[in-house]
Amino acid sequence: NNYKQLNQFNEVQIGTGLPTSIRKFVQKLKIVSRSQSNLNFGALPLRVNEISESFADITLLNSFGWTPKYNFSAGIEKLLNFE
């Protein structure tokens, strides 16, 4: 409904807008997927400029009245349990 407010090209990020650590993300994936993988966090040192947490900038979507339907945990579960 708001496409006329956009430029010809816009990058639109989708997410909760809240930061999530890579560790938390991977641990949640392991639980939901019932993986038997051994997670060995810290086995390798972080590289220069390597991110440890990530989040979507949803400012543009919020300006259109959009809000996320699912939080981080529910979104991962829904995605992995999609049939």
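Out of everything in the range 45-63 that is over 24 Å from V12 (Cβ atoms) and open to solvent by less than 80 Å² (accessible area, probe 1.4 Å), what residue ends up being farthest from the chain's Cα centre (by Cα)? Selected residue: E50.
Considering (1) within 19 Å of K78 (Cα to Cα); (2) open to solvent by less than 100 Å² (accessible area, probe 1.4 Å); (3) out of contact with any helix residue (DSSP H, G or I) (no Cβ under 6 Å at 6 or more places or on another chain); (4) not in a helix (DSSP H, G or I), the lone condition that L18 does not fulfil carries the number (2).
Yes/no matrix, rows are residues, columns are (1) open to solvent by 100 Å² or more (accessible area, probe 1.4 Å); (2) part of a loop (DSSP other than H, G, I, E, B); (3) in contact with a Phe, Trp or Tyr (Cβ under 9 Å, 6 or more places away or on another chain):
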{"site": "Q8", "(1), (2), (3)": "yes, yes, no"}
{"site": "I14", "(1), (2), (3)": "yes, yes, no"}
{"site": "K30", "(1), (2), (3)": "no, no, no"}
{"site": "L39", "(1), (2), (3)": "no, yes, no"}
{"site": "G65", "(1), (2), (3)": "no, yes, no"}
{"site": "P68", "(1), (2), (3)": "no, yes, no"}
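Starting from residues that are touching a strand residue (DSSP E or B) at 6+ places or on another chain (Cβ under 8 Å) and hydrophobic (A, V, I, L, M, F, W, C), keep the ones in the range 27-73 and report whichever is farthest from Q5 (Cα to Cα). Here the answer is F72.
The values are calculated or read from the model by the stated rules, or taken from the named source; none is laboratory data. These numbers come from a predicted model, not from an experiment. Positions of Cβ are generated from backbone atoms using ideal geometry, with glycine treated the same way; all protein chains shown enter the neighbour counts. Only protein heavy atoms, including side chains, enter the accessible area calculation; ligands, DNA and RNA are left aside. Shrake-Rupley method; radii C 1.70, N 1.55, O 1.52, S 1.80 Å.
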